[in-house]
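*Asks:* Attaching a single structure in structure tokens format; questions to follow.
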Amino acid sequence: MKWKQKLSENILDKLSIDFLKNQVLKNAYGNTDTLIAKLDPRILIAWYLFFGIVPWFVNDVAFLLTCFLLVMITTWLAHVAGLVMFIFVLGVFSQTGYLLIVSLFFGGNASTILPLLILTLKVTTCSLASITVFSGLDPDRLSNGLMWYGCPERLSFSIAYAYRILPMLMEEFQNVLLSYRLRGNPPDHSGWMGKIRYLIYQVRIIMQAFYPLILNTAKRSRTTVEALEMRGYRYAASNRSVKKMKLSALKVTHLDSVFLALSLLWMVGGSLLMTWI
């Protein structure tokens with residue numbers, strides 16, 4: 001019974017708000033020293049567009065498997081947070097993975113499994129490419145890369161601001177939950193029925209915390225907008241010299257060329273090898 005109690009305590013510790021906040025912040029800001037983070041954001045965005053769009057128009061298993069292996073390696077190089085990978089595995093399994101298992105148990109053959117395998121490879125490849133790119137780009141570099149491609153400045157700023165507001169959002173959510181817990185009277189969670197009642201109580205508190213969370217975040221967002229307006233944000237967004245100055249830090253290096261060359265060689269060589277096998 002002791003090991004069961006320790007296991008449940010470890011699971012509850014892992015599912016705490018602090019753990020979730022640390023995982024989100026690590027994935028958004030803690031991967032600046034990786035190989036993927038050293039690449040130019042324009043190269044990463046172009047690379048992502050290829051692996052995020054092209055697989056949906058190809059049904060060749062050799063090509064899809066080659067893409068999947070490449071993005072799996074890049075995801076490992078990006079040092080993605082464990083929580084993100086867990087959500088990725090859970091999402092892929094809930095979308096397509098369970099269909100493979102069901103087809104095997106209910107008399108499925110190769111003609112049934114092959115289309116499901118192709119769909120699973122497409123979903124996993126696009127998802128891993130997204131995880132790789134957005135784990136290797138901080139908000140400023142992502143915004144600059146989108147702006148260089150002609151994305152409207154307000155849209156690129158909104159994406160960067162959404163990244164930056166994550167810590168504030170998580171902190172505000174934790175404060176609201178703590179205030180509810182201080183004023184509430186949680187049920188006794190001894191025994192299985194008590195644990196179920198306590199779980200329902202926790203879910204109800206989380207649901208009730210969303211409205212004050214959105215309200216408090218809206219108040220802070222208004223303060224941020226007023227501060228930006230006072231500093232001349234709209235003029236800077238429409239001024240070409242300011243935009244040129246902001247994008248002057250972008251530079252394609254030898255590392256970017258090597259990354260693209262290795263990706264191309266991997267795709268060509270891997271597809272030929274898979275087809276030959």
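Bear in mind that the values in this text are calculations on the coordinates, not laboratory data. Predicted model, so just to flag it, every value in this text is computed and none were measured. Note that we place each Cβ from the backbone using ideal geometry, even for glycine, and neighbour counts take in every protein chain shown.
*Asks:* Taking only the alpha carbons of region 146-190, what extent do you get along each of the three principal axes, in Å, biggest first?
*Replies:* 58, 19, 11
*Asks:* Residue 92 to residue 223: FRET efficiency via 1/(1 + (r/R0)^6), r the Cβ-Cβ distance, R0 41 Å, to the nearest 0.05?
*Replies:* After rounding to 0.05, the efficiency reads 0.55.
*Asks:* Also: For the ranges 56-67, 121-132, what's the packing order if you count other beta-carbon atoms within 10 Å of each residue, average per peptide, and put the highest first?
*Replies:* My ranking of the peptides, most packed first, is 121-132, 56-67.
*Asks:* Mind checking the dipole of region 128-201: about its Cα centre, +1 per Lys or Arg Cβ, -1 per Asp or Glu Cβ, Debye to the nearest 20?
*Replies:* It works out to roughly 300 debye.
*Asks:* Where q = 0.10, 0.17 Å⁻¹, what log10 of I(q)/I(0) comes from the Debye formula for region 136-260, counting one point per Cα?
*Replies:* Values, matching the q order: -0.55, -0.95.
*Asks:* What is the extension gain from residue 61 to residue 255, computed as 0.36 nm multiplied by their sequence separation minus the C-alpha to C-alpha distance, in nm to one decimal?
*Replies:* Here the segment from residue 61 to residue 255 would lengthen by 66.9 nm.
*Asks:* Which order results if 142, 199 are arranged by neighbouring Cβ count within 10 Å, fewest first?
*Replies:* Fewest-to-most Cβ neighbours within 10 Å comes out as 199, 142.
*Asks:* Another question, if that's okay. Compute the distance in nm between two label points, each set 7 Å from the Cα along the Cα-to-Cβ direction, one at residue 202 and one at residue 35.
*Replies:* Going from the residue 202 label point to the residue 35 one covers 3.9 nm.
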